[in-house]
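Student: After the structure tokens below, expect a handful of questions from me.
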Amino acid sequence: MRGSDNEWTNLMRLANAGDDAAYHRLLKAVTPVLRAAARRGLARAGQSADQSEDIVQDILFAVHLKRHTWDEDAPFAPWLFAIARNKLIDTLRRGGRRVFVNIDDFSEILPGEQPEETVSATEVAVHLNGLPARQREVLQAISVDGLSIRETAARLAMTEGAVRVALHRGLASLSSRMQDKQP
């Protein structure tokens, strides 16, 4: 893991300096690790792995929006895994479960995982900006700011049911837009 962390840290530094190719390489390198960790975390919580891709997209989206907060003097992996752990917990809480997620789930690379194509964070941002304002606000509040359904409802003066509907529609629309652009 140490070699990967050093590589990821260097790629993130380059990405924050404006190197889009380095950012794409970073996202491509971390995606299979995040996918495996999300699957393990869901399995340990007794959930099916069908939500793992949504969790990975939430993580990548949060990384994109918050990458300016990363301390360039610190290793990248702990920062990434903290976001990943929080996104997994958020997903499980939205499902009404209170669970403990072991941080070790996010600290190892599984052998045999093959990198898959991923969507760039720039593309995610473009698709997100194409969503209706309310869906975009709900996705921002829950997926990026880490608010609960209740907190989001209070912030946006909506009912909790309306927040859930907007979240579901926003994620479905975002997913559909992104899949339509893939070859």
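Student: What distance in nm separates the two pseudo spin-label positions at A162 and R13, each 7 Å out from Cα along the beta-carbon direction?
Tutor: 4.8
Student: With 10 angstrom as the radius, rank D5, D71, D20 by how many other C-beta atoms surround their C-beta, starting from the fewest.
Tutor: D71, D20, D5
Student: Quick one: order F61, F76 by neighbouring beta-carbon count within 10 Å, fewest to most. The partial results should precede the final answer.
Tutor: Numbers: F61 22, F76 25.
If I rank by nearby Cβ atoms, fewest first, I get F61, F76.
Computed from the coordinates by the stated procedures, all read-outs in this text should not be read as laboratory data. Small disclaimer: the values here were computed from a predicted structure and weren't measured. Virtual Cβ from ideal backbone geometry, glycine too; neighbours counted across all protein chains shown.
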